[in-house]
1. Quick one: compute the contact order of chain B, relative version, from alpha carbon pairs under 8 angstrom and 6+ residues apart, as a percent.
2. Quick one: what Rg and Dmax do you get for the range B:132-273 from the alpha carbons, in Å?
3. List the residues whose amide H sits under 5 Å from the amide H of residue B:159, counting only those 5 or more places along or on another chain, with H placed 1.01 Å from N in the peptide plane.
4. Taking each residue in B:65-74, count the Cβ atoms of any other chain within 10 Å of its Cβ, then average. What number comes out?
5. What do you get for trypsin sites (Lys or Arg not before Pro) in the range A:5-102 restricted to DSSP loop and a cutoff of at most 11 other Cβ within 10 Å of the site's Cβ?
6. Fewest first, what order do A:160, B:109, B:193, B:145 take by the number of other Cβ atoms within 10 Å?
7. Mind listing the label-point distances from residue A:217 to the same position on all other copies, shortest first, one decimal in nm, points 7 Å along Cα→Cβ?
8. Residue by residue through the range B:141-155, what is 3J(HN,Hα) from phi via Karplus (6.51 cos²θ - 1.76 cosθ + 1.60, θ = phi - 60°)? Round to whole Hz and write x for glycine and proline.
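Taken together, the values in this text are just the output of simple stated rules run on the coordinates, not laboratory data. Everything numeric here is computed off the predicted structure, so don't read it as measured data. Neighbour counts are summed over all protein chains in view; Cβ atoms, including those assigned to glycine, are modelled from backbone coordinates with ideal geometry.
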There are 2 protein chains.
Amino acid sequence: MAIAKQAVLGIGDDCAVINYTKDKYLLLTIDMLIEGVHFDLKKAGRGRVGRKALAVSLSDIAAMGGIPKYCLISMGVPPNAPLKIIDNFYVGLLKLAKEYSVELIGGDTNRSEKFIFDICVIGEVEKRYLVRRSGAKRGDGIYVTGRLGGSIKDKQYDFTPRVKEARVLVKNFKVNAMIDISDGLSSDLRHITESSNVGAIIYESRIPVSKSCRSVKEALTDGEDFELLFTMPGDISEKILTKRLGIPVKIIGEIKNRREGVKIINKKGKKRDLRTLGYRHF
Amino acid sequence: MAIAKQAVLGIGDDCAVINYTKDKYLLLTIDMLIEGVHFDLKKAGRGRVGRKALAVSLSDIAAMGGIPKYCLISMGVPPNAPLKIIDNFYVGLLKLAKEYSVELIGGDTNRSEKFIFDICVIGEVEKRYLVRRSGAKRGDGIYVTGRLGGSIKDKQYDFTPRVKEARVLVKNFKVNAMIDISDGLSSDLRHITESSNVGAIIYESRIPVSKSCRSVKEALTDGEDFELLFTMPGDISEKILTKRLGIPVKIIGEIKNRREGVKIINKKGKKRDLRTLGYRHF
């Protein structure tokens with residue numbers, strides 16, 4: 001069944017990567033939102049679902065260090081759906097697209113029982129700036145932007161895809177590995193350690209817990225934060241990064257040897273396995 | 001809301017077109033199949049849905065004169081779906097992918113009430129070979145490959161995406177406009193005439209009606225034939241094209257001035273408007 005591999009990077013990172021120009025790669029990512037599974041149209045309100053449908057993919061492009069350029073959208077629409085809902089969806093989507101200079105270039109609309117939105121975003125990244133999940137090195141600091149947890153309330157719709165911040169990072173610092181936090185810090189840190197074949201230790205006291213979040217456990221497992229989790233040689237201070245990125249950046253731990261596992265040290269100094277909570281199998 | 005247009009071609013053709021290398025464009029197309037709307041898993045049987053999900057997009061790449069290279073897939077999967085169904089889907093999809101040297105480079109799997117498959121295919125085409133819907137010229141012959149109609153029975157699953165045939169066409173002939181017949185000959189001819197700002201006349205007697213099709217009307221409106229409909233200067237005989245492409249090719253009519261409308265001449269010589277039957281609004 002094997003097909004000669006031409007892609008630079010296939011399944012297993014935030015985006016697929018293919019050759020583009022002499023100096024650049026093309027990034028591709030696809031994300032599906034289904035009514036009743038990923039969103040509640042009534043609760044979400046006007047335009048927010050359209051915004052989110054695009055934003056999750058912009059966040060994937062950011063996680064590779066890239067710039068989003070184009071998007072295509074497939075929709076499933078109930079036959080008797082009010083046109084207003086579709087209009088609102090596009091208002092939310094196109095407003096965000098404009099902010100990020102993303103061009104809607106194609107689509108497919110289908111009859112469906114529930115609303116379905118599937119968005120493919122195409123971006124580009126200079127070859128020298130591409131960041132994968134798999135480049136974390138022993139001794140790297142583990143950094144996270146913003147605050148984590150409690151996104152189920154509002155942030156899941158209103159989050160800022162960290163494209164600008166990721167660009168500052170890849171242009172000015174030696175980022176070894178990066179991912180966006182969609183499954184939850186706990187799971188997404190594991191995605192980095194597993195693909196980089198390393199271990200890690202993080203400190204509970206250093207995790208930036210969002211105000212709407214009731215516990216560190218939620219901040220570890222809630223998911224849909226869409227903040228950046230990245231690793232790089234640990235001599236850059238939080239203060240410098242916070243200033244350069246314009247948003248809070250915290251060092252939450254350090255990359256270790258694989259055999260040391262992935263651990264968390266709680267506020268009493270006790271070391272435990274960071275279990276893979278928060279992972280969505282679907 | 002306007003975003004600076006960077007794409008060569010956005011919404012309104014079989015694929016979106018963006019700049020790629022010095023000599024080539026990149027082609028992008030997205031297509032969604034929903035259980036109960038586009039397919040019946042029980043009736044379709046093993047692997048056929050997976051094959052079709054990819055094949056419809058390969059057909060779109062063919063219609064632009066291109067070569068498919070990569071695909072990404074978003075799936076919606078019911079929580080208790082037997083793994084065998086998903087396996088079979090991938091067997092069908094990957095078998096066709098292998099035949100066409102298409103590499104699966106990304107995906108997203110979600111929980112869903114019904115099966116949903118959304119596939120984005122990326123292809124490439126030499127700039128000089130790109131064919132749009134919009135290039136039909138007065139005096140062009142109107143050509144169609146294969147036989148039309150009755151695809152609801154089997155062909156909708158088993159059709160051959162006409163990639164090889166389209167490549168022979170664009171490399172050896174001056175094809176002015178091309179589309180794949182997905183909505184039905186009647187609608188897809190209108191897609192060509194409207195975007196080319198021309199009229200057309202076709203002859204009922206010349207339409208290649210498939211054996212499983214009961215009437216010319218069905219051949220005009222059934223859709224899901226996934227044959228090529230193209231126009232080019234009319235001095236190339238069916239015999240030459242049939243030989244070069246290795247499949248039957250018929251000349252069914254001629255491109256006219258816009259003001260002559262889009263007409264069909266029946267077997268008794270009577271001229272009528274070719275109404276837009278067979279168009280699926282969703």
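1. On the way: 668 pairs, mean separation 59.7, N = 282.
RCO, chain B: 21 percent.
2. 13.9, 39
3. Amide H neighbours of residue B:159, under 5 Å, 5+ apart: none.
4. Working: counts 0, 0, 0, 0, 3, 7, 3, 9, 4, 10.
The mean count of partner-chain Cβ atoms within 10 Å per residue comes to 4.
5. Values: sites: A:5, A:22, A:24, A:42, A:43, A:46, A:48, A:51, A:52, A:69, A:84, A:95, A:98; in loops: A:5, A:22, A:46.
Of the trypsin sites (Lys or Arg not before Pro), the ones in loops of the range A:5-102 whose Cβ has at most 11 other Cβ atoms within 10 Å are A:5, A:22.
6. Details: A:160 19, B:109 15, B:193 23, B:145 26.
By the 10 Å Cβ count, ascending, the order reads B:109, A:160, B:193, B:145.
7. 6.6
8. x, 9, 10, 9, 8, x, 10, 10, x, x, 5, 4, 6, 9, 4
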